[in-house]
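Report on the following structure.
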Amino acid sequence: MDATVTAVGLGTLLGALARLSMLRVDYRQYPSYPQAYVIHLTLGAIAAFLGAVAIPALLAKDFAAGTFLSLAATQFREVRNIERETLTRIESTELVVRGTAYIEGIARVFEARNYIAMVTATLSTGGFLLADAALNTLPAAVLASACVGAVCIFGLSRAMRGLKVADMATVRPAEIEFDGPTLVVAGNRLMNVGSEAAREKYRTEALAVVIEPKDPNAKATLANTGQRQALAHNAAALLGVKKDVDTPEFTPIVRRNIETGEVNLVLIPAERDMDALLRAVLDTPVLEGAYRRPLAARAARMVD
Amino acid sequence: MEVDIKREIVAVVTVAPDRVVGAVPTFLAADDAERERIASSLAVILRAAVHDLGNGAYVLVKH
């Protein structure tokens, strides 16, 4: 078989494997159905193929083939749109909504994963061709290609991991108190709960935590309402929530202490386990759209 | 698309009728216990949250 065909085939395979390795039901609970698997695997394989043919095309002096990569980029932006649209449409069916910032973050991740499949395929095809040219033995070339692919899959998916709340804040349990009808956590007045029955449920079944930002960057990031909605969604998704559409007062609430920048989260979980809640909060991803770094500017450092 | 009212007082349940004037449906309760019962029922029916104003009136708000 022609070395180029083998290179492209192997590159495509490794690129598709890269996409497969990132296709898992994670704590975001998404995607979790066969249809989504098929869609993303197919697109990932196409991405890998486009990436794999890039170097052989250049070697054959077929520069027009390069334009196909831009076609691919358009295609993957479409992936982002599809994900955003799907998640936005099902948003009204969620008991605790994800929020637009979280949806945007998830959609971007899906787009980026296709690029990773593409880059993995390009580099492993390149590795194959390079090794083939240098050593001129098929097994060595296959091995080189596989190594490059493995490094890409491992390295790029690691680089994609991003920050978690644990990286920018400490989280500690807090007591729930009532001042008249007002729900108070760690001195912060969160909301007015009118019904005595609802207050009793909060007293006996709710859990509360204080999320204390480590620095002004974290404070600014946690102030973002999208980031806070993501915290509420994650906590409710992982611990369950005692709430239905006709009990809006039991919606998890995440409020900011405007004096300290601390964030208080209260929810009535299905499973009352404080350790699980702490873990859920710490593992919540920091959203790309919410991430702020005021400390990068001099003015913010002056007031720090 | 579902159209829904947001952040609006949809009903008032009170034991002090002389202190509520306005165009919001207002339910009079004989005592605190009845106010609690009416408010809880309305909350479920209207899918609204109950808030205590502290002046004898509970307001039901769509969030």
Open item on the list: Suppose we look only past 40 Å in the calculated P(r) of the protein assembly as shown. What percent of the Cα-Cα pairs does that tail hold?
Closed with: 34
Open item on the list: Taking the beta-carbon count within 10 Å as an exposure proxy, list A:S145, A:S92, B:S40, A:S124 from fewest neighbours to most.
Closed with: A:S92, B:S40, A:S145, A:S124
Open item on the list: Using 10 Å bins from zero, what percent of all Cα-Cα pairs in chain B falls into each bin?
Closed with: 24, 56, 17, 3, 0
Open item on the list: Run the numbers for A:L295 and A:L135: contour at 0.36 nm per residue of separation, minus the present Cα-Cα distance, in nm.
Closed with: 52.5 nm
- [ ] With springs connecting C-alpha atoms under 10 Å apart, model chain A as a Gaussian network and identify which of A:L287, A:L58, A:L190 has the largest mean-square fluctuation.
- [x] A:L58
TODO: Summarise the partner chain shielding of A:189-195 as one whole number: the mean count of Cβ atoms from other chains within 10 Å of each residue's Cβ.
DONE: 6
Task: chain A: most fluctuating residue of A:A208, A:A144, A:A101 per GNM, C-alpha cutoff 10 Å - done: A:A144
Open item on the list: Need one number: nm distance between label points at A:M160 and A:Q35, each 7 Å from Cα along Cα→Cβ, rounded to one decimal.
Closed with: 2.3
Open item on the list: What distance in nm lies between label points placed 7 Å from Cα along the C-beta direction at A:T74 and A:E288?
Closed with: 2.1
Open item on the list: Just to check I understand the Karplus step: with θ = phi - 60° and J = 6.51 cos²θ - 1.76 cosθ + 1.60, what whole-Hz values come out for the stretch A:253-259, glycine and proline as x?
Closed with: 10, 10, 10, 9, 7, 5, 7
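Obtain the radius of gyration and the Kirkwood radius of the stretch A:3-159 from its C-alpha atoms and give Rg over Rh.
1.06
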TODO: Extending each Cα 7 Å along its Cβ direction at A:D167 and A:E94, get the distance between those two points in nm, one decimal.
DONE: 2.1
Open item on the list: List the residues, sorted by chain then number, that are 5 or more residues from A:V184 or on another chain and whose placed amide H is less than 5 Å from its amide H.
Closed with: A:E177, A:F178, A:D179, A:L190
Open item on the list: Could you give each residue of the stretch B:19-33 its phi-based ³J(HN,Hα) in whole Hz, using Karplus coefficients 6.51, -1.76, 1.60 with θ = phi - 60°, and x for Gly or Pro?
Closed with: 9, 10, 10, x, 8, 8, x, 10, 10, 8, 10, 6, 8, 4, 5
- [ ] Using a cut-off of 12 Å between beta-carbons, work out the net charge of the residues near A:L138 (Lys and Arg +1, Asp and Glu -1, A:L138 not included).
- [x] -2
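Is any helix in chain A, taking whole DSSP H runs, at least 18 angstrom long along its axis by alpha carbon and on average at least 0.0 on the Kyte-Doolittle scale, and which ones?
On the way: long enough: A:3-21 (26 Å, 1.37); A:34-59 (38 Å, 1.68); A:67-90 (36 Å, -0.22); A:100-135 (52 Å, 0.79); A:138-159 (31 Å, 1.75); A:225-239 (21 Å, 0.07).
Within chain A the helices that satisfy the rule are A:3-21, A:34-59, A:100-135, A:138-159, A:225-239.
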Open item on the list: Once R0 is set to 35 Å, what does the formula 1/(1 + (r/R0)^6) return for the Cβ-Cβ distance between B:V21 and A:E177, expressed as a FRET efficiency to the nearest 0.05?
Closed with: 0.55
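A short reminder: the numbers here are calculations on the coordinates, not readings from a lab. If you're wondering where the values come from, they're calculated on a predicted model, not measured in any experiment. Glycine also receives a Cβ, built like all others from the backbone with ideal geometry; neighbour counts cover every protein chain displayed.
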